[in-house]
Amino acid sequence: MDKQLKDFLKTIKLNESMLSMLFGIVTVILIGVLVFRMYQTNKPAITSEAQQTTEPSPTAAGMVGSVPVTVTDNQAYPASLPETYTVKAGDDLWHIAQNAYGSGYNYVDIAKENGLQHPGVITAGQVLKLPKVAVKLVGAVKLAAVETPTATNSITGDSYTVAKGDSLWSISVRAYADGYKWVEVAKANNLSNPNVINAGQVLKLPR
């Protein structure tokens, strides 16, 4: 009987030790949570002025196709992109992207944003979200050539002598106010590689 009583008392003492340890751990965790919440509560708010100072500002403006763009960190972004687009009869993602971003290649961004597993299948009345992403420029369409024609740099004749740094895109912007006309210029001059033109080369400009 005495042995059983002693064993029982030992068990109680052991349990008390374990309970004390668990209580200590819980107390430490609760204190940590309270400190974290106090820090979050007193964390200085980010004002709109602070956000403005950290956002990169546009360094240039111009057109990609018929879409006005701004150039930030060497990438072009649509200047006024709507948040959504409602599909009309006869629409496809390529032309929707071309009208919204100036480049049909942005259809992949629209498809990804809307979780479209089959980008070729869209229906009239469907509302698509348009993500705020950079314009996808490929081939002869070079970002460095995104510009707006002015009275001083516009090309009015039916031929043009290539200057250093020119590209078919920049020449087309200055000659037609439409960079995508580079395709016609390349065709008129039988250019096998539209990305390669040389200073001093005379190009025909179809009118």
In segment 162-170, is there at least one residue being more than 25 Å from VAL135 (Cβ to Cβ), of a type outside the set (A, V, I, L, M) and either crowded, with 20+ Cβ neighbours inside 10 Å or not assigned by TED's automatic domain parsing to the domain that holds GLY102 (or both)?
yes
Consider segment 123-161. How many of its residues are modelled with pLDDT of 75 or more, over 15 Å from GLN75 (Cα atoms) and surrounded by 16 or more Cβ atoms within 10 Å (Cβ to Cβ)?
4
Give me the residue from segment 101-125 that is out of contact with any strand residue (DSSP E or B) (no Cβ under 7 Å at 6 or more places or on another chain) and polar (S, T, N, Q) and, out of that set, farthest from ASN195 (Cα to Cα).
THR123
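Is it true that ILE29 is at pLDDT 60 or above, of a type in the set (Val, Ile, Thr), part of a helix (DSSP H, G or I) and within 30 Å of LYS187 (Cβ to Cβ)?
On the way: at pLDDT 60 or above: yes; of a type in the set (Val, Ile, Thr): yes; part of a helix (DSSP H, G or I): yes; within 30 Å of LYS187 (Cβ to Cβ): no.
It is false that ILE29 is at pLDDT 60 or above, of a type in the set (Val, Ile, Thr), part of a helix (DSSP H, G or I) and within 30 Å of LYS187 (Cβ to Cβ).
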The residue from TYR107, TYR101, TYR180 that alone is at pLDDT below 85 and of a type in the set (Phe, Trp, Tyr) is TYR180
Of all residues in segment 192-207 being modelled with pLDDT of 85 or more and surrounded by 12 or more Cβ atoms within 10 Å (Cβ to Cβ), which is nearest to the chain's Cα centre (by Cα)?
ILE197
Some residue of segment 85-92 being within 15 Å of PRO131 (Cα to Cα) and modelled with pLDDT of 90 or more
yes
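The values are calculated or read from the model by the stated rules, or taken from the named source; none is laboratory data. Just so we're clear, the structure is a prediction, and the values are computed from it rather than from any experiment. When we count neighbours, we look across all protein chains shown, and the Cβ atoms used for this are built from the backbone with ideal geometry, even at glycine.
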